[in-house]
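Participant: Dropping a structure here in structure tokens format, bear with me for questions.
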Amino acid sequence: MAKMSDMQRKRVGVLISGRGSNMASLIKAAKLPTAAYEVVSVISSKPDAVGLKTAADQGIAAVALDHKALGSREALDAAVHNALIAHKCDLVACAGFMRIMTAEFIAKWQGRMINIHPSLLPLFKGVDTHERALEAGVRVHGCSVHFVSAELDAGAIIAQGVVKVLPGDNADALAARVLQVEHKLYPAVLQTLAQGRISLHDGRTRYVDDDAASLSVLSA
Ligand code: GRF
């Protein structure tokens with residue numbers, strides 16, 4: 001694939017609240033010469049998020065917001081939006097961003113903001129997904145990348161990564177295997193979005209080509 005110039009690359013803002021391992025996988029993939037995007041800013045809803053330091057250490061603008069000090073959902077969303085605009089972001093990747101966003105903010109980035117969720121949606125929206133998957137006795141589990149919509153974890157699914165549930169699994173072991181798949185799937189989806197090969201139409205994902213449509217990962 002052709003080397004991309006900085007001019008051609010989409011500018012991505014990554015939203016985090018904690019560890020930032022998915023953020024790190026997006027940053028790593030952006031260093032490939034063929035990357036269609038660059039991570040220009042990492043914005044956290046928590047000032048002490050570990051991922052902020054990881055980003056800053058790599059020379060990426062790290063924006064520490066404090067959702068508690070900001071006081072309301074509207075104030076946090078306005079601060080996030082202003083930071084994204086200040087860094088001229090084209091696309092937004094939520095990676096463990098633990099705040100519920102307002103419909104107004106989501107509308108501004110509709111079709112340009114994606115999220116990774118640790119379950120095979122529409123199963124197990126919300127938190128504690130690995131515990132709930134084990135509790136339900138499902139034999140396959142995984143992660144989903146979707147466009148962000150006003151309803152939590154309900155936006156159009158773009159791609160999914162599948163993990164087998166193994167006998168004797170506990171939530172930590174399952175989470176670790178799902179996370180390995182997340183780290184492959186999320187950069188692949190962001191690359192494809194940045195290439196303009198995926199878009200949102202009438203609440204559904206539209207794929208421009210067969211490779212974009214077959215974005216999925218099966219782990220061992
Ligand atoms: C991941 O499991 C992701 O799917 C979910 O939050 C977690 C974030 O982990 N949205 P990390 O901060 O990327 O390590």
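The values are calculated or read from the model by the stated rules, or taken from the named source; none is laboratory data. All values derive from a computational prediction rather than experimental measurement. Reconstructed Cβ throughout: ideal geometry from the backbone, glycine too, with neighbour counts over all protein chains shown. Areas reflect the complete protein model, heavy atoms only, side chains present, ligands, DNA and RNA absent. Shrake-Rupley method; radii C 1.70, N 1.55, O 1.52, S 1.80 Å.
Participant: Which pairs, out of Lys108/Lys164; Lys10/Lys125; Lys10/Lys184, put more than 31 Å between their alpha-carbon atoms? Walk me through the numbers before you get to the answer.
Facilitator: Numbers: Lys108/Lys164 37 Å; Lys10/Lys125 29 Å; Lys10/Lys184 19 Å.
Result: Lys108/Lys164 exceed 31 Å.
Participant: Also: Putting +1 on Lys and Arg Cβ atoms and -1 on Asp and Glu Cβ atoms, find which of Ile43, Leu121, Ala78 reaches farthest to the positive end of the dipole of region 1-126.
Facilitator: The Cα lying farthest towards the positive end belongs to Leu121.
Participant: Now a separate question. How many percent of DSSP beta bridges within the chain run antiparallel, rounded to 5? Display every interim value, and only then the final one.
Facilitator: On the way: 15 of 36 bridges.
Antiparallel: roughly 40 percent of the beta bridges in the chain.
Participant: A follow-up question, please. For the chain, what is the charge dipole size about the Cα centre, in debye to the nearest 20, if Lys and Arg each add +1 at the Cβ and Asp and Glu each add -1 at the Cβ? Each step should come with its number before you reach the end.
Facilitator: Numbers: 24 positive and 21 negative charges, 85 e Å.
Dipole of the chain, to the nearest 20 debye: 400 debye.
Participant: Can you give the relative contact order of region 8-109 as a percent, counting alpha carbon pairs under 8 Å and 6+ residues apart?
Facilitator: The normalised contact order for region 8-109 reaches 36 percent.
Participant: Under the Kirkwood approximation for Rh and a Cα-based Rg, what ratio Rg/Rh is obtained for region 35-165? Please report the intermediate quantities before stating the final value.
Facilitator: Details: Rg = 15.7 Å, Rh = 15.9 Å.
My calculation of the ratio gives 0.99.
Participant: Mind jotting down the distance between the C-alpha centroids of region 149-163 and region 21-36, whole Å?
Facilitator: 21 Å
Participant: For a Förster distance of 25 Å, can you work out the FRET efficiency between the beta-carbons of Ala150 and Ala78, rounded to the nearest 0.05?
Facilitator: 0.90
Participant: Still on this structure, please answer the following. Roughly how many Å² is the accessible area per residue of the chain, as a whole number, for a 1.4 Å probe?
Facilitator: Per-residue value: 49 Å².
Participant: In addition: Can you tell me the FRET efficiency between Ile100 and Asp210 if r is taken as the Cβ-Cβ distance and R0 is 35 Å, rounded to the nearest 0.05?
Facilitator: 0.50
Participant: Given Phe105, Ser149, Ser199, which one lies farthest toward the positive end of the charge dipole of the chain, if we put +1 on the Cβ of every Lys and Arg and -1 on the Cβ of every Asp and Glu?
Facilitator: In the chain, that residue is Ser199.
Participant: Follow-up question, since we're still on this one. Using Cα pairs under 8 angstrom and six or more residues apart, how large is the relative contact order of the chain, in percent? Could the numbers behind the result be given before it?
Facilitator: Values: 443 pairs, mean separation 39.4, N = 220.
It rounds to 18 percent for the chain.
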